[in-house]
Amino acid sequence: MNGFLRRIIFYALLIAIWEMVFRLHIWEEFLFPAPLSVLQTLVNGFMDRTFLIGIAISMRRITIGYGISVIAGILLGLLIGRVKLLDETVGSLVLGLQTLPSITWLPLALLWFGLNEKAIIFVVIMGAVFSITIGTYSGVKGVPPLYLKAGRNRGAQGYQLFLQVIIPAALPSIVVGLKQGWSWAWRSLMAGELLFVSLGLGFLLMMGRELNDMSQVIAVMIIIIIIGLVVDKLIFAKLERNLYERWGLDLA
């Protein structure tokens, strides 16, 4: 039995248990809807384009916020990893800021930017950038000195040393940081959209709660999970697999 078939059986059993619990009538139907009710909500939401619009708005925000985080995080990680003064000063600050839950940036964002798109994107950036920075920093610090010496012997200096030696050697750790950063960015986006009217998937989740429509709440949660899995499998898992194969670390 291959992995795909096992997953199909697992999710089928999960839905069967869900249906069984629903039929026990432990909770009212509006609090614990049947699987078919959630499926109907999903179909209706896509047919009237409500979910499509929500997905488009959320994906635009995550693309902008995460894109900025990637650029800023990698640059900052490279600098902290190579400049001792920055490592001893900014490095400790980054470690401290990374422990902050991303939602704690929202009050600051609202005061600085108001109830608008910029506030949500700011929260996304602050939620992701430090994970990416730390991943890049760890990769740079883990580059064997022998690689640096070999690069210099071949004439690589300055930015050439970064491009030809440091970044390729640090790439596995950078990818781990990018993956963690995406996870934090996605959570930060949902938290930001939940807390004030902003459209997007988080807004649809909150509207379901306000209307006591648990079918919509669960339907949106399923969409959020699926998007997260798709991004992980189509982008990060593939990227990690290619890196492992390139470095001879693929043990499968």
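Only the coordinates and a few stated rules stand behind these numbers; no lab work does. Please read these numbers as outputs of a predicted model, since none were measured by experiment. Cβ placement follows ideal geometry from the backbone for every residue including glycine, while neighbour counts extend to all protein chains displayed.
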task: With label points built 7 Å along Cα→Cβ from the Cα atoms of Thr89 and Lys149, find their separation and express it in nm.
output: 3.2
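With a 10 Å Cβ neighbour count serving as the proxy for reagent exposure, in which order, fewest first, do Phe30, Phe162 appear? Numbers along the way, then the final one.
Details: Phe30 12, Phe162 17.
Result, fewest neighbours first: Phe30, Phe162.
Could you pull out the GluC sites (Glu not before Pro) across the stretch 6-62 that fall in loop regions by DSSP (anything but H, G, I, E, B) with no more than 12 other Cβ atoms inside 10 Å? Numbers along the way, then the final one.
Details: sites: Glu19, Glu28, Glu29; in loops: Glu28, Glu29.
Filter output for the stretch 6-62: Glu28, Glu29.
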query: Nearest 20 debye, what's the magnitude of the dipole of the stretch 34-246 about its Cα centre given +1 on Lys and Arg Cβ and -1 on Asp and Glu Cβ?
result: 860
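Taking other Cβ within 10 Å of each residue's Cβ, how do Trp18, Trp27 sort, fewest first? Don't jump to the answer; show the numbers that get you there.
Working: Trp18 16, Trp27 12.
Lowest to highest Cβ neighbour count: Trp27, Trp18.
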statement: With DSSP loop assignment and no more than 12 other C-beta atoms within 10 Å, the trypsin sites (Lys or Arg not before Pro) in the stretch 1-101 are Arg49
query: Within the set Lys84/Lys149; Lys84/Lys118; Lys84/Lys233; Lys149/Lys238, which residue pairs have Cα atoms separated by over 28 Å?
result: Lys84/Lys118; Lys84/Lys233; Lys149/Lys238
message: Order these by the 10 Å Cβ neighbour count, fewest first: Glu210, Glu193.
response: Glu210, Glu193
message: Report the Rg/Rh value for the chain, based on alpha-carbon coordinates and the Kirkwood definition of Rh.
response: 1.07
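Do the sum for the chain: with -39,500 (n - 2.57) for every DSSP H run of n ≥ 4, divided by all residues, what is the mean residue ellipticity at 222 nm, to the nearest 500 deg cm²/dmol? Don't jump to the answer; show the numbers that get you there.
On the way: 12 runs with 191 residues, N = 252.
Computed mean residue ellipticity for the chain: -25000 deg cm²/dmol.
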- prompt: Dipole of the stretch 34-246 (Lys/Arg Cβ +1, Asp/Glu Cβ -1, origin at the Cα centre): which of Ile71, Tyr147, Phe51 lies farthest to the positive side?
  reply: Tyr147
